[in-house]
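The values are calculated or read from the model by the stated rules, or taken from the named source; none is laboratory data. On a predicted model such as this, the values are computed, not experimentally measured, just so you know. So basically every Cβ, Gly included, is an ideal-geometry build from the backbone, and we count neighbours across all protein chains shown.
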Amino acid sequence: MSADPHCIFCKIVAGQIPSKKVYEDEQVLAFHDIHPWAPVHILIIPKRHIASMADVTEAESQLLGHMVALGPKLMKELGVTNGFRHVINTGQDGGQEVYHLHLHVMGGPRPWLKG
């Protein structure tokens, strides 16, 4: 499995940096974002280092499908029942801050939108 020794997410996968894990299998790791944008905000990352969506090829189709399909399952387990969103930022102009592919899954009540 490829890893970048300078990548914070590769260090999380390797257990060198702690995370609040939600899910883990052979291909992916999911954990709570340390700077959440929503009441429930998790990241789903491949264990193998892929810098961004710009580096994805057809060979990663199954991995990406697994990541996207996992989002609803984890949101339900975390008590999010009224909607959520998936976001993947790609590259500098796309707002990517950590150059290890990651899927944000965000949901939960947002009381400031009601009223």
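Summary table below
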{"read-out": "Boolean, residue 69 is surrounded by fewer than 16 Cβ atoms within 10 Å (Cβ to Cβ) and over 22 Å from residue 94 (Cβ atoms)", "value": "yes"}
{"read-out": "Members of region 36-61 found to be in a loop (DSSP other than H, G, I, E, B) and out of contact with any strand residue (DSSP E or B) (no Cβ under 8 Å at 6 or more places or on another chain), listed by number", "value": "48, 49, 50, 51, 52, 56, 57"}
{"read-out": "Tabulated pairs, region 40-56, first of a type in the set (Lys, Arg), second modelled with pLDDT of 95 or more, C-beta under 7 angstrom, 6+ apart or interchain", "value": "47/13; 47/27; 47/28; 47/29"}
{"read-out": "Selection count, region 1-35, where residues are assigned to a loop (DSSP other than H, G, I, E, B) and closer than 19 Å to residue 85 by Cα", "value": "3"}
{"read-out": "When residues of region 89-110 are limited to those that are crowded, with 18+ Cβ neighbours inside 10 Å and out of contact with any Cys (no Cβ under 9 Å at 6 or more places or on another chain), the one farthest from residue 3 (Cα to Cα)", "value": "107"}
{"read-out": "Subset of region 76-91 that is assigned to a loop (DSSP other than H, G, I, E, B) and of a type in the set (Val, Ile, Thr) - its residue that is farthest from residue 54 (Cα to Cα)", "value": "81"}
{"read-out": "Counted residues, region 1-41 - those being among the hydroxyl-bearing types (Ser, Thr, Tyr) and within 26 Å of residue 79 (Cβ to Cβ)", "value": "2"}
